[in-house]
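The structure appears right after this line, and notes come after that.
Since every read-out is calculated from the coordinates, none of them should be taken as a lab result. These numbers were taken from a predicted model, which means no experiment stands behind them. We place every Cβ from the backbone using ideal geometry, glycine too, and count neighbours over all the protein chains shown.
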Amino acid sequence: MDTVQIIALTMGAAWASGINLYAAIFMLGYLGSSGHIQLPPELMVVTDPLVMFAAGLMYCVEFFADKTPGVDTAWDSVHTFIRIPAGAILAMGAVGDTSPAVELAAFLLGGGIAATSHFTKAGTRVMINTSPEPVSNWTASLTEDAVVIAGLWTALNYPLVFLVFMGVFILFVIWFLPRLWRAIRRTFDYLRTLFTRAKSGTPSPGLPGPESDKHLT
């Protein structure tokens, strides 16, 4: 693998891990074991049948947990401590056998990218869960699965295209996360008010209307 391919694989594995770790590991394991891609020796562990079985099993569990309102947010909360370290480790493995400085840099970069994609996904899910119907959860989850598969495939086959995509993604996150944070905070403020009023027996307020979103633009 040349330098551009290694960088794309490093960033792609970390980014995908932050969204759906188990799909990312299973896909890398399948492509590596079937000979479709040549993984660095340090990353060949994902082709082990035991690792692929564990990743496939956990993906099946996540497939349903990720599509249930409320459960998906709890699942994301727990996986804050799993996706981010795993993304950092996969990124470090993707650079192969090189100097300790490069490996540490890949570990830090991978952890940062995994954290960014994870918190973007988790925060968006908190907002989606304010919707009373489950259709939006299914749509979001299936879209995320498709994006992870398509993104990793692009990183492995068209690394320059993927790096451009990552640049656009980072710019989007810089613009989006502050707005998402304010929206999440407003949602929790509403839920706290709702709970307080329910305890006191006063009527519940309506959900924040479009006027309350004007400051987000």
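Using the Karplus equation 6.51 cos²θ - 1.76 cosθ + 1.60 (θ = phi - 60°), what ³J(HN,Hα) coupling, rounded to whole Hz, does each residue of segment 158-169 give in order, writing x for Gly and Pro?
9, x, 5, 4, 5, 5, 5, 4, 5, x, 5, 4
How high is the relative contact order of the chain, given as a whole-number percent (alpha carbon pairs under 8 Å, six or more residues apart)? Walk me through the numbers on the way to the answer.
Values: 253 pairs, mean separation 60.6, N = 217.
Relative contact order here is 28 percent.
Once fully extended, how much extra length lies between residue 57 and residue 174, figured as 0.36 nm per residue of separation less the alpha-carbon to alpha-carbon distance? The partial results should precede the final answer.
Numbers: separation 117, 0.36 × 117 = 42.12 nm, distance 3.41 nm.
Result for the pair: 38.7 nm of gain on full extension.
In whole Hz, with x marking every Gly and Pro, tabulate ³J(HN,Hα) for segment 93-110 from phi via Karplus 6.51 cos²θ - 1.76 cosθ + 1.60, θ = phi - 60°.
Along segment 93-110, the couplings run x, 5, 7, x, 7, 9, 6, x, 5, 5, 5, 5, 4, 5, 4, 5, 5, x Hz.
Stretched out fully, how many nm does the piece from residue 136 to residue 108 gain, at 0.36 nm a residue minus the Cα gap? Working shown, then result.
Values: separation 28, 0.36 × 28 = 10.08 nm, distance 3.34 nm.
This chain segment gains 6.7 nm when fully extended.
Which of 64, 119, 162 moves the most in a Gaussian network model of the chain with Cα springs under 10 Å?
64
Arranged by the count of other C-beta atoms within 10 angstrom, fewest first, what order do 50, 108, 39, 180 take?
Working: 50 8, 108 13, 39 22, 180 19.
Fewest-to-most ranking of 50, 108, 39, 180: 50, 108, 180, 39.
For the residue pair residue 98 and residue 185, what label-to-label distance in nm results when each label sits 7 Å from Cα along the Cα-to-beta-carbon direction?
So the label points at residue 98 and residue 185 sit 3.8 nm apart.
Could you calculate the FRET efficiency of residue 78 with residue 2 from 1/(1 + (r/R0)^6), where r is the beta carbon distance between them and R0 is 35 Å, rounded to 0.05?
On the way: r = 38 Å, r/R0 = 1.07.
Efficiency computed from Cβ-Cβ geometry: 0.40.
How big is the charge dipole of the chain about its Cα centre, in debye rounded to the nearest 20, if each Lys and Arg gets +1 on its Cβ and each Asp and Glu gets -1 on its Cβ?
Numbers: 12 positive and 15 negative charges, 209 e Å.
Charge dipole, the chain, about its Cα centre: 1000 debye, nearest 20.
Find the percent of Cα-Cα distances in the chain that exceed 31 Å, and round it to a whole number. Walk me through the numbers before you get to the answer.
Values: 6232 of 23436 pairs.
Percent of Cα pairs beyond 31 Å in the chain: 27.
Ranking 17, 34, 117 by Cβ neighbours within 10 Å, fewest first, what do you get? Please list the in-between numbers first.
Values: 17 32, 34 9, 117 26.
Fewest-to-most ranking of 17, 34, 117: 34, 117, 17.
Got a sec? How would 31, 160 order by Cβ neighbour count within 10 Å, fewest to most? If you can, show how the numbers build up before the last one.
Details: 31 18, 160 12.
Going from sparsest to densest Cβ surroundings: 160, 31.
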